[in-house]
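Take a look at the structure set out below.
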Amino acid sequence: MQHRRLLTGAACCLFPMLTQAAMPAAYVCPDSVPEASISLNAVPAGWTPYIGSPLYLSAAAPIDGAPARRGQLVPSKERTKQGQTTLSYRLEGPYPDGKWLQCSYGVHGEVTLSRRMDDSVSLCEFTYRKGRKAGQNEIDIDCR
């Protein structure tokens, strides 16, 4: 009887670890790029740069390869419901330079932050809601 109790105790501690290992990576864009991290170099003579606010998240999407490659992808599906827009991307087939998540900041996406995603990701859905700041969007990302 005591042997069975030990096995149950080990199983309760081992199974949560196996479950965590099988979970896909969570992909989340930072809400903003702080003004302290933005700098302007080589401005025209006589001009003083000033950055008074952070740049807020405006868009997110998967891209084909590293950001310099500019591998923008087209959503395979778009649906709008109750003030939210969801864009779906099918990421099937070869991606020799990897699949990347690109987060865009500023009203027109003037600054991007990108990170490589797991090669096994085959579908991503991005759900947009208007944020509180001008040009800002709150974006839920579900990649699996």
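Rule-based calculations on the coordinates, nothing more; no lab input. Note that the structure is predicted; figures quoted are calculated from it, not measured. Using ideal geometry, Cβ is built from the backbone for each residue, glycine included, and neighbour counts are taken over all protein chains shown.
A few points about this structure:
- Taking amide hydrogens as placed 1.01 Å from N in the peptide plane, the amide H of Leu91 sits under 5 Å from those of Leu123, Cys124, each at least 5 positions away in sequence or on another chain.
- In plain terms, the C-alpha convex hull of region 53-144 casts an average shadow of 6.1 nm² when viewed from every direction.
- J(HN,Hα) series, region 119-125, from Karplus relation 6.51 cos²θ - 1.76 cosθ + 1.60, nearest Hz, glycine and proline x: 4, 7, 4, 10, 8, 10, 10
- Annotation: amide H of Cys143 within the under-5 Å range of Tyr27, Glu125, sequence separation 5 or more or interchain, hydrogens built in the peptide plane.
- Extension gain, Gln72 to Glu125: 0.36 nm times the residue separation minus the Cα-Cα distance gives 17.6 nm.
- Evaluated at q = 0.13, 0.16, 0.19, 0.24 Å⁻¹, a Debye calculation over the C-alpha positions of region 37-101 (equal weights, vacuum) places log10 I(q)/I(0) at -0.63, -0.78, -0.87, -1.05.
- Net length gained if the chain between Ala45 and Arg132 were fully extended (0.36 nm per residue, minus Cα distance): 27.7 nm
- The charge dipole of region 53-144, taken about its Cα centre with unit charges on the Cβ of Lys, Arg, Asp and Glu (plus for the first two, minus for the last two), comes to roughly 300 debye.
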